[in-house]
Amino acid sequence: MSTRIRVCPESELGPSEVRAVELPRIDKRPREALVLRGDDGVPRCYLNRCRHLPVPIDGGSKQYLTRGGEYLLCGTHGALYRKNDGVCVAGPCLELALETFELVEEEDVLYLLLPE
């Protein structure tokens, strides 16, 4: 069983846009997921938490991508994560991947499936 969380209409998710989605808290700590399009145009969803240290990759800045939009960027450690698979290609967490969540699209609306 999983919890469905509405993200946005799929048609409204721009190619260089990252949507932050609030997730239920664990141990009273806030969490969020990041929804974006991979380089292939397919929507992806990752936990907003660096693999080097358990901090949000944006450090609260809401800046998730490198200037050119090629990678997800950890503003704290400088790690670069590929948009297509969340794998770190540069930085202290090299070759580790961001935690992923499944997305489903129903009637042009994206939903994040959060495992119970």
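The values are calculated or read from the model by the stated rules, or taken from the named source; none is laboratory data. Fair warning: this is a prediction, and the values are worked out from it, not measured in the lab. Using ideal geometry, Cβ is built from the backbone for each residue, glycine included, and neighbour counts are taken over all protein chains shown.
Going residue by residue through region 76-86, is there one that turns out to be in contact (Cβ under 8 Å) with a residue 12 or more places away in the chain, touching a strand residue (DSSP E or B) at 6+ places or on another chain (Cβ under 7 Å), surrounded by 15 or more Cβ atoms within 10 Å (Cβ to Cβ) and small (Gly, Ala, Ser)?
So far as region 76-86 goes, yes, one or more of its residues are in contact (Cβ under 8 Å) with a residue 12 or more places away in the chain, touching a strand residue (DSSP E or B) at 6+ places or on another chain (Cβ under 7 Å), surrounded by 15 or more Cβ atoms within 10 Å (Cβ to Cβ) and small (Gly, Ala, Ser).
Which of the numbered conditions does ARG6 fail, given that it passes all the others? Conditions: (1) under 23 Å from HIS77 (Cα atoms); (2) at pLDDT 95 or above.
Of everything listed in (1) under 23 Å from HIS77 (Cα atoms); (2) at pLDDT 95 or above, ARG6 misses just condition (1).
Taking the stated definitions as given, is PRO43 touching a residue at least 60 places away in the same chain (Cβ under 8 Å) and touching a Lys or Arg at 6+ places or on another chain (Cβ under 8 Å)? Let's see the steps before the verdict.
Values: touching a residue at least 60 places away in the same chain (Cβ under 8 Å): yes; touching a Lys or Arg at 6+ places or on another chain (Cβ under 8 Å): yes.
Yes, satisfied.
For residues that are assigned to a loop (DSSP other than H, G, I, E, B) and of a type in the set (Gly, Ala, Ser), scanning just region 1-20, find the one that is farthest from the chain's Cα centre (by Cα).
Residue satisfying both the conditions and the ranking: GLY14.
Take the residues in region 21-52 that are closer than 15 Å to LEU98 by Cα and among the small types (Gly, Ala, Ser); name whichever of them is nearest to the chain's Cα centre (by Cα).
ALA33
Using the structure shown, decide if SER11 is exposed (fewer than 12 other Cβ atoms within 10 Å of the Cβ) and within 18 Å of CYS74 (Cβ to Cβ). If you could, list the steps in order and put the result at the bottom.
Values: exposed (fewer than 12 other Cβ atoms within 10 Å of the Cβ): yes; within 18 Å of CYS74 (Cβ to Cβ): no.
No: the conditions fail for SER11.
Yes/no per residue for (1) free of Cβ contacts under 8 Å to residues at least 12 places away in the same chain; (2) more than 16 Å from ARG31 (Cβ to Cβ):
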residue	(1), (2)
LEU47	no, no
LYS62	no, no
ARG67	yes, yes
LEU73	no, yes
CYS88	no, yes
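Could you please give the count of residues in region 22-73 that are at positive phi and touching a Cys at 6+ places or on another chain (Cβ under 6 Å)?
0
For region 27-51, enumerate the residues that are in a loop (DSSP other than H, G, I, E, B) and either surrounded by fewer than 18 Cβ atoms within 10 Å (Cβ to Cβ) or in contact with a strand residue (DSSP E or B) (Cβ under 8 Å, 6 or more places away or on another chain) (or both).
The first filter runs over region 27-51 and keeps only residues in a loop (DSSP other than H, G, I, E, B), leaving 27-28, 38-42, 48-51.
Result: ASP27, LYS28, GLY38, ASP39, ASP40, GLY41, VAL42, ASN48, ARG49, ARG51.
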